[in-house]
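Only one structure is covered here, and it is reproduced in the block below.
Derivation of every value follows stated rules applied to the coordinates shown; laboratory data play no part. Given the structure is predicted, the values throughout are model-derived calculations rather than measurements. Positions of Cβ are generated from backbone atoms using ideal geometry, with glycine treated the same way; all protein chains shown enter the neighbour counts.
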Amino acid sequence: MPRYFNPDIIGRIARIGFKAGQPMEGGIAGQHRSPLHGLSAEFADYRTYTPGDDLKHLDWRAYARSDRYYIKRFEEESNLRCWMVIDDSASMNYGPAGQRKFDVAATAAVSLAAVLLKQRDAVGLAAAGNSIREELRPSGAMSQLTKLDDTLGKISPAGETDLGKVVSEIADKIPRRGLVVIASDLFTDLDRLYESLGRLQYGGHAVVLLHILHRDEIEMPFNESVIFKDIEGQEELFAEPWSFRAAYQAAVKTFCDEVRERCQYCGIDYVRMLTEDDLGATLAGYLADRAHRGPAKHKGRMGAASTSESKPEESA
């Protein structure tokens with residue numbers, strides 16, 4: 001059974017940490033901003049005093065200026081609830097043992113989960129292709145890391161992909177705003193996925209998209225005549241790759257650029273990963289960039305390209 005707990009990768013990213021760029025609603029004290037008001041150190045605003053309020057929170061300076069009693073309100077720090085959505089369809093099985101796309105997705109998920117759990121955040125798992133096959137409800141216990149590793153280690157990627165359907169199901173399962181990390185090669189109906197990502201954003205959830213590809217899928221390095229088999233279906237195609245390599249590479253570049261640009265427009269974090277890349281360096285670079293740039297900016301909520309003239313849905 002594969003093990004996806006990698007101390008070297010976790011060690012490289014643990015010191016950077018992961019802080020949500022928008023308010024989260026958790027159940028225990030944590031390090032992320034919450035939309036709820038409590039008694040943390042960060043001032044939020046004032047409200048009018050009502051009988052029964054604790055007098056120690058009265059702002060006497062405000063009283064001196066206005067001759068009215070005001071209570072200070074503070075933003076309550078909150079723990080984050082994260083769902084790791086891992087594509088376990090047949091296409092994720094591509095690559096040598098230990099370096100399959102699924103192996104990279106699983107290692108990235110376990111590594112990020114280790115960081116979040118160390119911060120007292122809660123992490124859950126949904127492994128799915130066109131339906132959820134394995135699920136772990138979010139938990140902040142450190143034992144959750146072992147459960148994640150064990151569950152992912154038992155999975156054999158198979159079947160077709162319908163991430164839009166899966167993400168929509170996940171959106172229905174999350175009662176409070178949180179974080180959703182999706183790891184996939186994105187060989188799915190993108191319009192349906194975009195609509196589901198829009199649902200997550202409408203619910204106030206932060207989204208991170210880990211786009212995992214094998215270099216063969218980008219470069220088409222084959223030179224001799226070959227038979228291409230649909231890894232998620234039954235179709236076969238005899239072709240000479242050299243005759244359409246340039247067009248193929250251009251199409252893949254357009255595909256990746258379109259996803260990245262739409263995510264940037266909508267404030268969704270997009271991270272492309274190749275299976276041969278140094279995963280620790282990729283994750284560390286992403287987390288460092290996220291910490292440096294602050295909250296993601298967006299111009300609209302994600303929506304299907306076919307119904308929005310290739311642009312995401314504008315915010316109301």
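With 10 angstrom as the radius, rank 63, 194, 265, 70 by how many other C-beta atoms surround their C-beta, starting from the fewest. Can you show the working numbers first?
On the way: 63 13, 194 26, 265 16, 70 19.
Fewest-to-most Cβ neighbours within 10 Å comes out as 63, 265, 70, 194.
Arrange the following residues from fewest to most other Cβ atoms within 10 Å of their Cβ: 188, 50. Don't skip to the answer; put the middle values down first.
Working: 188 23, 50 8.
Fewest-to-most Cβ neighbours within 10 Å comes out as 50, 188.
Report, by chain and number, residues whose modeled amide H sits under 5 Å from the one on residue 207, excluding near sequence neighbours (fewer than 5 apart, same chain). Under 5 Å from the amide H of residue 207: 180, 269. Neighbour counting of Cβ atoms within 10 Å sorts the residues 100, 260, 293, fewest neighbours leading, into 293, 260, 100. Under the simplified labelling scheme, the residue 160-residue 64 pair shows an inter-label distance of 7.2 nm, with each label point 7 Å from Cα along Cα→Cβ. Legend: distances between Cα atoms for 56/118; 19/56; 147/229; 101/147; 154/253; pairs beyond 26 Å are 56/118; 19/56; 147/229; 154/253.
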